[in-house]
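J.: Can you read through this structure? Questions will come right after.
The values are calculated or read from the model by the stated rules, or taken from the named source; none is laboratory data. Since we're looking at a predicted model, the values are computed, not measured. Here the Cβ positions follow ideal geometry from the backbone for every residue, glycine too, while neighbour counts run over all protein chains shown. For accessibility, only protein heavy atoms count, side chains too; no ligands or nucleic acids. Shrake-Rupley method; radii C 1.70, N 1.55, O 1.52, S 1.80 Å.
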Amino acid sequence: MKHRIFIVEDDLKIAQLLAGTLEKYQYEVAIIQDFDRVVEECNAYNPHLVLLDINLPVYDGYYWCRQLRQHTMCPIIFISARSGDMDQVFALENGGDDFITKPFHYEIVLAKIKSHLRRSFGEYSPNQSERMIASGDLTLYIERMTLQKGKEEIPLQKKECVILELLMGESPKVVSRERLLEELWDDQSFVDENTLNVNMARVRKKLTDYDVRSWIETVRGAGYRFMPESEA
């Protein structure tokens, strides 16, 4: 499997040099295109690792790291010309996994990327405990936030993954609205009644968009039930 690397760097020359080096080592690479849409582009690409600068247009890397952590648990490595101790502390406290100071040696970048991917997805990862749920030709990889249909990978946002984890894990049982709310939001008292409906609609749309024949049934007065393709 080729690992996907997402580069969030506003110096195009550095970003292209990084991408070219990584591609030589058989990584797939995407470079940010719109600094207003870092989260959207990252979700669409569904990377295994993110390289993130601190000094960026619009918002800084600390902000974007916090936003990304709401959607992905993949390794995030900061790459920045800032070299102060507090810069590295802020990077780690805001959700980063490592910090590389510019100017850097590509060998160090490659070694750190390889190390983090090995820990997250490779020989040092707890593969035996990786949480996954299989149903027909669907496999939900919970830590990766990915739904695999045959050979196709469907990227999921955090709440979409939580919903599918609960429904697929309990199928064919019904999962109550109350339990879904408890898992999706820490404090239900601040959640609008329609919020769950909106999130459920997004999951259903994603299944439809990717031509997944399994579906989610609404059980009036009780909750929701995942219906595998064989029963749909």
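J.: Looking at (1) open to solvent by 60 Å² or more (accessible area, probe 1.4 Å); (2) in contact (Cβ under 8 Å) with a residue 40 or more places away in the chain, which is the one condition that is false for Glu107?
T.: (2)
J.: Which fully enclosed helices (runs of 4 or more DSSP H) of segment 18-114 have 2 or more residues being within 25 Å of Pro155 (Cβ to Cβ)?
T.: Output list reads 38-45, 61-68.
J.: Among the residues of segment 134-164 satisfying the criterion of being in a strand (DSSP E or B) and among the polar types (S, T, N, Q), which is modelled with the lowest pLDDT?
T.: Step one: list which residues in segment 134-164 are in a strand (DSSP E or B), which gives 134-135, 138-141, 146-149, 152-155.
Among the residues that remain, those that are also among the polar types (S, T, N, Q) are: 135, 139, 146, 148.
Working: Ser135: 80, Thr139: 89, Thr146: 88, Gln148: 89.
Taking the candidates together, the pick is Ser135.
J.: Return the residue satisfying two criteria in turn: it lies in segment 1-38 and is open to solvent by less than 40 Å² (accessible area, probe 1.4 Å) and charged (D, E, K, R), and of such residues it is nearest to Leu51 (Cα to Cα).
T.: Glu9
Residue-by-condition table, conditions (1) charged (D, E, K, R); (2) more than 15 Å from Val8 (Cβ to Cβ); (3) in contact (Cβ under 8 Å) with a residue 60 or more places away in the chain:
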{"residue": "Arg69", "(1), (2), (3)": "yes, no, no"}
{"residue": "Thr101", "(1), (2), (3)": "no, yes, no"}
{"residue": "Ser120", "(1), (2), (3)": "no, yes, yes"}
{"residue": "Ile133", "(1), (2), (3)": "no, yes, no"}
{"residue": "Asp137", "(1), (2), (3)": "yes, yes, yes"}
{"residue": "Leu140", "(1), (2), (3)": "no, yes, no"}
{"residue": "Gly150", "(1), (2), (3)": "no, yes, no"}
{"residue": "Lys159", "(1), (2), (3)": "yes, yes, no"}
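J.: Checking Glu41 against (1) open to solvent by 50 Å² or more (accessible area, probe 1.4 Å); (2) closer than 23 Å to Phe121 by Cβ, only one condition comes out false. Which one?
T.: Checking Glu41 against (1) open to solvent by 50 Å² or more (accessible area, probe 1.4 Å); (2) closer than 23 Å to Phe121 by Cβ, the one that fails is (1).
J.: Which one of Gln26, Gln67 is farther than 20 Å from Met145 by Cβ and modelled with pLDDT under 95?
T.: Details: Gln67 fails: farther than 20 Å from Met145 by Cβ.
Just a single option satisfies the conditions, and that option is Gln26.
J.: Here's something else I'd like to know. Checking the condition open to solvent by less than 20 Å² (accessible area, probe 1.4 Å), charged (D, E, K, R) and farther than 24 Å from Glu143 by Cβ, which residue from Asp53, Asp87 passes? Please lay out each step first, then the result.
T.: On the way: Asp87 fails: open to solvent by less than 20 Å² (accessible area, probe 1.4 Å).
Going through Asp53, Asp87 in turn, just one is open to solvent by less than 20 Å² (accessible area, probe 1.4 Å), charged (D, E, K, R) and farther than 24 Å from Glu143 by Cβ: Asp53.
J.: Let me confirm something: among Arg131, Arg119, Arg82, which residue is closer than 23 Å to Glu23 by Cα, modelled with pLDDT under 90 and either open to solvent by 70 Å² or more (accessible area, probe 1.4 Å) or among the hydrophobic types (A, V, I, L, M, F, W, C) (or both)?
T.: Just a single option satisfies the conditions, and that option is Arg119.
J.: Moving to a separate point now. Please tell me if Gln70 is open to solvent by 60 Å² or more (accessible area, probe 1.4 Å), closer than 24 Å to Glu160 by Cα and among the polar types (S, T, N, Q). Even if it seems obvious, please write down each step before you answer.
T.: Values: open to solvent by 60 Å² or more (accessible area, probe 1.4 Å): yes; closer than 24 Å to Glu160 by Cα: yes; among the polar types (S, T, N, Q): yes.
Taking the combined requirement at face value, the residue satisfies it.
J.: When residues of segment 1-57 are filtered for being touching a residue at least 40 places away in the same chain (Cβ under 8 Å) and small (Gly, Ala, Ser), how many remain?
T.: 1
J.: What single numbered condition from (1) within 18 Å of Ala81 (Cβ to Cβ); (2) modelled with pLDDT of 95 or more fails to hold for Pro57?
T.: With respect to (1) within 18 Å of Ala81 (Cβ to Cβ); (2) modelled with pLDDT of 95 or more, Pro57 is out only on (2).
J.: Across segment 198-217, which residue is farthest from Val162 (Cα to Cα) among those that are of a type in the set (S, T, N, Q) and open to solvent by less than 80 Å² (accessible area, probe 1.4 Å)?
T.: Initially, segment 198-217 is screened for residues of a type in the set (S, T, N, Q), giving 199, 208, 214.
Next, from what is left, pick out any that are open to solvent by less than 80 Å² (accessible area, probe 1.4 Å): 199, 214.
Values: Asn199: 11, Ser214: 17 Å.
The qualifying residue farthest from Val162 (Cα to Cα) is Ser214.
J.: Go through segment 44-70 and give me each residue that's in contact with a helix residue (DSSP H, G or I) (Cβ under 9 Å, 6 or more places away or on another chain) and among the polar types (S, T, N, Q).
T.: Hits for segment 44-70 are Asn55, Gln67, Gln70.
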